[in-house]
Amino acid sequence: MIDFLNNPYFILAVGIVSIINVLLLIWLFLRLRDFGMQHSQLVAGEEVPSIEEIVLKHKKTLATHNKNLKELGKILEELVESNRFNVQKTGLVRFNPFAEAGGNMSFTLALLDGNDNGIVISSLHAREGTRIYGKSIANGKSEYHLTEEEKLAINNAKLKDQSVE
């Protein structure tokens, strides 16, 4: 059997491990001291709250946030409801009503809300001048006769088709 205590390599290995342990212990002590100083600076002049106080404070904050969230939800519902009556859908059709006049200078514009109520505006451009007409729209229909271009503009608005023809 090998006598470890008389073996110089064993004594050297134990010495090296001991020195490494001492250095590691010193490093850990210094880190702990740094954390202690950082903690002292963090809570300097303040009483450190208990876990119970922290939980109660967070509970109150959470209740306030929940109350604010409910209020914001109500406001959002009101905005959504009132937005139904704003212009949400548009349809534009450009056309040439007269074969002898060049270009698509005439147009029909449909402006509808969320319930398909609104107006359709038609502008007819000719050599003599430009005429503008407006017709009311209720539920996607008008009590006045609609031209094909006006019907197309209303359909484009209903489909939210923003393309210009």
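The values are calculated or read from the model by the stated rules, or taken from the named source; none is laboratory data. Keep in mind the model is a prediction, meaning the values are calculated, not measured. Quick reminder, even Gly has a Cβ in these numbers, built from the backbone with ideal geometry, and neighbours come from all protein chains shown.
Data table
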read-out	value
Tally, over the range 42-58, of residues that are part of a helix (DSSP H, G or I) and surrounded by 10 or more Cβ atoms within 10 Å (Cβ to Cβ)	6
Residues within the range 1-41 that are of a type in the set (A, V, I, L, M), over 59 Å from the mean Cα position of the chain (by Cα) and either at pLDDT 95 or above or outside any helix (DSSP H, G or I) (or both), tallied	3
Condition met for Val93 (free of Cβ contacts under 8 Å to residues at least 60 places away in the same chain, closer than 30 Å to Tyr133 by Cα and in contact with a strand residue (DSSP E or B) (Cβ under 6 Å, 6 or more places away or on another chain))	no
Unmet requirement for Leu69, which otherwise passes all of (1) of a type in the set (A, V, I, L, M); (2) under 35 Å from the mean Cα position of the chain (by Cα); (3) in a strand (DSSP E or B)	(3)
Filtered residues of the range 91-143 (kept if part of a strand (DSSP E or B) and over 15 Å from Ala153 (Cα atoms))	His125, Ala126, Gly129, Thr130, Arg131, Ile132
